[in-house]
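Notes to accompany the following structure.
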Amino acid sequence: MCSSVFKVTKRPFWILPTIVLSQFACTSLWFAGNAVLVDIQQLWGLGNAALSYMTSSVQLGFIVGSLLFAFFTISDRFSSRIVFFTCSLLGALSNLCIHLIANDLASLLLFRFLTGFFLAGIYPVGMKIAAGWYHKGLGGAMGFLVGATVVGTGFPHLLKSLGVSLPWEFVILTVSGISVIGGVLILLLVPDGPYLTSGTTFNSRAFLLIFKSKDLRCAAFGYFGHMWELFTLWAFIPVFLNQYAGTNMLTLNVSFWTFCIIAIGFVGCSGGGLLSKKAGSPSVAFYQLSASAICCLLSPMMFHVSVELCLIFLLFWGIVVVGDSPQFSALTAQTAPQELVGSALTIVNSIGFFITIISIQFTNYLTNFLHPKYIFLFLIPGPIFGLIYLWPLLKRKDKTG
């Protein structure tokens, strides 16, 4: 006990910044394909459905990777930092293969799937690395880590906006390069922490508990509603902005503003993490999800307002649409039986990401016969569903203080 306390008090100041920077660098792989899709569509003659197929491929890869990593307890059998480093290299290589090997939709989807698979050894493993260094204050650290993931997700769009005169290969090469750098930083600067513990073997009983335990069901189903909206909004923001610019005859740097709308979610994640210390996770998640539902409802009206007001609205939405994500993870961990926390988180996350595939494909189907300004209306059921299940946790929190 004394040894652990001593190590924590001597925790190097660079630990959290390094993990955050590495998480940002490596999760930039997530939407790298989305940022260059327009160029690839023109080059390979791909249809509009390529957006939904490609995004769903990454999500499916992440689901399969998460389940396999958990089932074989990869981050317990091997050092978490080694797993993170290895997956950063393999993820970078999979992303790079879009440039080196892919030449049609099938090969593009394969390498996007593989990228998602290796992200399963980056995003959750980065959180485990942080948990090895933080006992108290882990919630705040997680807020920054999820925020870094959000910025990383939008980063390829920023590269695309800054390199408009450069070939699309530049974005792919750069993202793969910074992913490698992120993995190297973890390997060299972040040793295994004093609180790092081995988890239990993956237990499928946690699946049944999601539906039997009322509190865990509330947390999980709230997260499912949140996930119906999140990645679909991120994937289709460029479609929405392009249509807005065309309708109002404006010139808009769509890639730049897509990055801003996604990346500003860092404010919601980190700020929500700090607020949760006083207000509690149920309150932070409930009110951010409520605000996001209102944004879904108001989204068609943005086509009839000034560009400044439209962008402010979308930036606000970018904050609240993901700011509740760390709180749902915290609620799931808090409501699951202690011996099944890891398995419950894995299953809940996997179901949540599967829901994003359905939502993305459904929204893509709607674009065939609906004006893009209406497509986000169909995201409303997600937040409403989530709010209904969050309500009991919020009421209980208010009664207990």
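Determine whether the stretch 345-362 contains at least one residue that is over 21 Å from the mean Cα position of the chain (by Cα), surrounded by fewer than 23 Cβ atoms within 10 Å (Cβ to Cβ) and at negative phi. Show your work before the answer.
Restricting attention to the stretch 345-362, the residues satisfying the condition of being over 21 Å from the mean Cα position of the chain (by Cα) are none.
For the stretch 345-362, residues over 21 Å from the mean Cα position of the chain (by Cα), surrounded by fewer than 23 Cβ atoms within 10 Å (Cβ to Cβ) and at negative phi: absent.
Out of 130, 92, 102, 141, which single residue is out of contact with any strand residue (DSSP E or B) (no Cβ under 8 Å at 6 or more places or on another chain), surrounded by 17 or more Cβ atoms within 10 Å (Cβ to Cβ) and outside any helix (DSSP H, G or I)?
Details: 130 fails: outside any helix (DSSP H, G or I); 92 fails: outside any helix (DSSP H, G or I); 141 fails: outside any helix (DSSP H, G or I).
Just a single option satisfies the conditions, and that option is 102.
Residues to consider are 35, 50, 70, 92; find the one that is touching a His at 6+ places or on another chain (Cβ under 9 Å) and either assigned by TED's automatic domain parsing to the domain that holds residue 122 or among the acidic types (Asp, Glu) (or both). Give the derivation first.
On the way: 50 fails: touching a His at 6+ places or on another chain (Cβ under 9 Å); 70 fails: touching a His at 6+ places or on another chain (Cβ under 9 Å); 92 fails: touching a His at 6+ places or on another chain (Cβ under 9 Å).
Of 35, 50, 70, 92, the one residue that is touching a His at 6+ places or on another chain (Cβ under 9 Å) and either assigned by TED's automatic domain parsing to the domain that holds residue 122 or among the acidic types (Asp, Glu) (or both) is 35.
Among the numbered criteria (1) in a helix (DSSP H, G or I); (2) modelled with pLDDT under 90, which one does residue 157 miss?
The one condition residue 157 does not meet is (2).
Sort through 174, 258, 232 and tell me the only one that's surrounded by fewer than 24 Cβ atoms within 10 Å (Cβ to Cβ), modelled with pLDDT of 90 or more and in a helix (DSSP H, G or I).
Numbers: 258 fails: surrounded by fewer than 24 Cβ atoms within 10 Å (Cβ to Cβ); 232 fails: surrounded by fewer than 24 Cβ atoms within 10 Å (Cβ to Cβ).
Testing whether each residue is surrounded by fewer than 24 Cβ atoms within 10 Å (Cβ to Cβ), modelled with pLDDT of 90 or more and in a helix (DSSP H, G or I) leaves just 174.
I'd like to check which helices (runs of 4 or more DSSP H) are fully inside the stretch 284-395 and have at least 2 residues that are in contact (Cβ under 8 Å) with a residue 12 or more places away in the chain and closer than 30 Å to residue 246 by Cα. Give the steps one after another, and end with the answer.
Details: elements: 307-323, 325-335, 341-366.
Helices (runs of 4 or more DSSP H) meeting the threshold: 307-323, 341-366.
Evaluate the stretch 260-275: report whether one residue or more is more than 22 Å from the chain's Cα centre (by Cα) and not assigned by TED's automatic domain parsing to the domain that holds residue 144. Please lay out each step first, then the result.
Let us first name the residues in the stretch 260-275 that are more than 22 Å from the chain's Cα centre (by Cα), namely none.
Among the residues of the stretch 260-275, not one is more than 22 Å from the chain's Cα centre (by Cα) and not assigned by TED's automatic domain parsing to the domain that holds residue 144, which makes the answer no.
Evaluate the stretch 113-120: report whether one residue or more is surrounded by fewer than 23 Cβ atoms within 10 Å (Cβ to Cβ), assigned to a helix (DSSP H, G or I) and either outside the structural domain of residue 158 (by TED's automatic domain parsing) or touching a residue at least 40 places away in the same chain (Cβ under 8 Å) (or both).
So in the stretch 113-120, the residues surrounded by fewer than 23 Cβ atoms within 10 Å (Cβ to Cβ) come out as 113-114.
Filter again for assigned to a helix (DSSP H, G or I), leaving 113-114.
Subset that is either outside the structural domain of residue 158 (by TED's automatic domain parsing) or touching a residue at least 40 places away in the same chain (Cβ under 8 Å) (or both): 113-114.
Scanning the stretch 113-120, I find at least one residue that is surrounded by fewer than 23 Cβ atoms within 10 Å (Cβ to Cβ), assigned to a helix (DSSP H, G or I) and either outside the structural domain of residue 158 (by TED's automatic domain parsing) or touching a residue at least 40 places away in the same chain (Cβ under 8 Å) (or both), so the answer is yes.
Is it true that residue 367 is modelled with pLDDT under 95 and either under 27 Å from residue 299 (Cα atoms) or not assigned by TED's automatic domain parsing to the domain that holds residue 217 (or both)? Show your work before the answer.
Numbers: modelled with pLDDT under 95: yes; either under 27 Å from residue 299 (Cα atoms) or not assigned by TED's automatic domain parsing to the domain that holds residue 217 (or both): yes.
Yes: the conditions hold for residue 367.
Could you tell me which numbered condition residue 176 fails, if it satisfies all but one of (1) among the polar types (S, T, N, Q); (2) in contact with a Cys (Cβ under 9 Å, 6 or more places away or on another chain); (3) more than 24 Å from residue 327 (Cα to Cα)?
(2)
Go through the stretch 237-252 and give me each residue that's surrounded by fewer than 16 Cβ atoms within 10 Å (Cβ to Cβ) and either in contact with a helix residue (DSSP H, G or I) (Cβ under 9 Å, 6 or more places away or on another chain) or part of a helix (DSSP H, G or I) (or both). Give the steps one after another, and end with the answer.
Taking the stretch 237-252 first, the residues surrounded by fewer than 16 Cβ atoms within 10 Å (Cβ to Cβ) are 242, 246-251.
Answer for the stretch 237-252, where residues must be surrounded by fewer than 16 Cβ atoms within 10 Å (Cβ to Cβ) and either in contact with a helix residue (DSSP H, G or I) (Cβ under 9 Å, 6 or more places away or on another chain) or part of a helix (DSSP H, G or I) (or both): 242, 246, 247, 248, 250, 251.
I'd like to know if the stretch 389-400 contains one or more residues that are surrounded by 15 or more Cβ atoms within 10 Å (Cβ to Cβ) and of a type in the set (Val, Ile, Thr).
The answer is no; no qualifying residue exists.
Just to verify a result, which residue in the stretch 11-38, among those that are touching a helix residue (DSSP H, G or I) at 6+ places or on another chain (Cβ under 9 Å) and in a loop (DSSP other than H, G, I, E, B), is farthest from residue 189 (Cα to Cα)?
Among residues in the stretch 11-38 that are touching a helix residue (DSSP H, G or I) at 6+ places or on another chain (Cβ under 9 Å) and in a loop (DSSP other than H, G, I, E, B), the one farthest from residue 189 (Cα to Cα) is 36.
The values are calculated or read from the model by the stated rules, or taken from the named source; none is laboratory data. All values reported here derive from a predicted model rather than from experimental measurement. FYI the Cβ positions are ideal-geometry reconstructions off the backbone, even for glycines, and counts take in every protein chain you see.
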